[in-house]
Amino acid sequence: MKNDNTEDKALNKTDVSKSAFSLSLDNLENEDWIDALGFDGIYQVSNFGRVKTLGRWVSNGKSERWVKERIRKLYTGKDGRITMIFNYENKKTSVNLPALIYFSFYPEKKYLDRTYCVAHINKILNDNRLENLILIKISDSHKINHIEKLLPHLKKNNDKRKYDYAKLTHKVCKKCEEKKEIERFEFGRNTCLVCRGRSKKDDYIKRKLLTQTTS
């Protein structure tokens, strides 16, 4: 019985994934649409990961033409992700589709693009259903990918980085700007041990003075 349940879930998941590529203008079961964030009145996205071009008049500077409402065709790239180009004000804009869908439904969420990303919970990169998207730290996402061995190219890149680093004999400290032996740096650091020690001491003194001032 347990195996049957597992197979049913797998089939449902496959059905949902396939339906996201449907080009029918008819709403799918339990499908909700919302204006794409930053593209109000032009594009809409659904909680199933579909994208719709809204019917509207478009100007090319000399005349106008009517663009019919249609479902955008989704293409899966070589990396397994869906690529999407939006035409906005006669300019082509490449969009991060998972992030666009997520923040269109949750515009109140804060997004720090240097430390956070919108990731796929089931790790299927072209499954952009809203329920499969999560806002997560990039470092945490990489940890999960490393544990599940989903991104072998990251290990390859890291190994190359370590190999190249091991060949270094000297580095220039970004703090004191002096060229020093590689042994005087922690791995991956651009500030030498002496300068890092001084910075930690200075920070400690500042915190102590601040505590004394506020108390």
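Within segment 176-215, restricting attention to residues that are β-branched (Val, Ile, Thr) and under 24 Å from Asp164 (Cβ atoms), the residue that is surrounded by the most Cβ atoms within 10 Å (Cβ to Cβ) is Thr191.
This table checks each residue for (1) assigned to a loop (DSSP other than H, G, I, E, B); (2) among the hydrophobic types (A, V, I, L, M, F, W, C).
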position: Ile34; (1), (2): no, yes
position: Gln44; (1), (2): no, no
position: Trp66; (1), (2): no, yes
position: Gly80; (1), (2): yes, no
position: Phe86; (1), (2): no, yes
position: Ile101; (1), (2): no, yes
position: Pro107; (1), (2): yes, no
position: Leu112; (1), (2): yes, yes
position: Val118; (1), (2): no, yes
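Quick check, is Asn145 surrounded by 12 or more Cβ atoms within 10 Å (Cβ to Cβ), modelled with pLDDT under 85 and in a strand (DSSP E or B)? Spelling it out, it is not the case that Asn145 is surrounded by 12 or more Cβ atoms within 10 Å (Cβ to Cβ), modelled with pLDDT under 85 and in a strand (DSSP E or B).
I'm checking my understanding of the structure. Among residues of segment 14-49 that are small (Gly, Ala, Ser) and on the phi < 0 side of the Ramachandran plot, which one is modelled with the lowest pLDDT?
Checked segment 14-49; the qualifying residue modelled with the lowest pLDDT is Ser17.
Just one of the listed residues (Phe86, Phe105) is in the same structural domain as Lys123 (by TED's automatic domain parsing), within 16 Å of Leu37 (Cα to Cα) and in contact with an Asp or Glu (Cβ under 9 Å, 6 or more places away or on another chain), and it is Phe105. Looking only at residues in segment 73-91 that are of a type in the set (A, V, I, L, M) and touching a residue at least 12 places away in the same chain (Cβ under 8 Å), the one that is farthest from Gly55 (Cα to Cα) is Ile82.
Just name the residue that is farthest from Asp159 (Cα to Cα) out of those in segment 170-210 that are basic (Lys, Arg) and in contact with a strand residue (DSSP E or B) (Cβ under 8 Å, 6 or more places away or on another chain). This residue is Lys175.
The values are calculated or read from the model by the stated rules, or taken from the named source; none is laboratory data. Worth saying up front: this structure is predicted, and the values here are computed from it rather than measured. Every residue, glycine as well, gets a Cβ built from its backbone with ideal geometry; the counts of neighbours run over all protein chains shown.
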